[in-house]
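Enquirer: What follows is a single structure, and I will ask about it in a moment.
Computed from the coordinates by the stated procedures, all read-outs in this text should not be read as laboratory data. What you see is a predicted model, and the numbers here were worked out from it, not measured in a lab. Here the Cβ is made from the backbone with ideal geometry for all residues, glycine too, and neighbour counts use every protein chain on show.
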Amino acid sequence: MTSDEALVLSHWLEKLQMTDLSRVVDDPAVWAPIHRIAGPLDKALPELFAPDYDQRVAAARQRLLPQD
């Protein structure tokens, strides 16, 4: 996984975990693996604490978009 992929995935997982998971993920058995993936991923990303975190996520997302 690239650093851009990790950053974007971490950001998405955080948003997912802050919602009512039952509305998005219809299988409660999947919730534990979601939390298990998010924890180590977040620990591996020093960007999470950068003052320009939002800009870093936006730039990473842009780089990951398919090129037309």
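Enquirer: Assuming R0 = 22 Å, what is the FRET efficiency of residue 35 and residue 58, from their Cβ-Cβ distance, to the nearest 0.05?
Expert: Plugging the Cβ-Cβ distance into 1/(1 + (r/R0)^6) gives 0.30.
Enquirer: Spelling out what I want: for every residue of segment 12-17, take phi, set θ = phi - 60°, compute 6.51 cos²θ - 1.76 cosθ + 1.60 (Karplus), and round to whole Hz; glycine and proline get x.
Expert: 5, 4, 4, 4, 4, 5
Enquirer: Based solely on its DSSP helices, what 222 nm [θ] is calculated for the chain when runs of n ≥ 4 H residues each add -39,500 (n - 2.57) and the sum is averaged over all residues, nearest 500 deg cm²/dmol?
Expert: Only helices count here, giving -20000 deg cm²/dmol.
Enquirer: What is the distance, in nm, between label points placed 7 Å from the Cα along the Cα-to-Cβ direction at residue 25 and at residue 50?
Expert: Taking the simple label geometry, residue 25 and residue 50 are separated by 2.7 nm.
Enquirer: What's the whole-number percent of alpha carbon pairs in the chain lying beyond 14 angstrom?
Expert: Result for the distance tail: 61 percent.
Enquirer: Please name whichever of 60, 46, 2 sits farthest to the positive end of the charge dipole of the chain, dipole taken about the Cα centre and charges placed at Cβ: Lys and Arg +1, Asp and Glu -1.
Expert: 46
Enquirer: Sticking with this structure for a sec: Got a sec to turn the phi values of segment 58-68 into Karplus ³J(HN,Hα) couplings, 6.51 cos²θ - 1.76 cosθ + 1.60 with θ = phi - 60°, whole Hz, x for Gly and Pro?
Expert: Ordered by residue, 3J(HN,Hα) equals 4, 5, 5, 4, 4, 5, 8, 5, x, 8, 7 Hz.
Enquirer: Do you know the relative contact order of the chain, to the nearest whole percent, from alpha carbon pairs under 8 angstrom that are 6+ apart?
Expert: Once normalised by length, the contact order is 51 percent.
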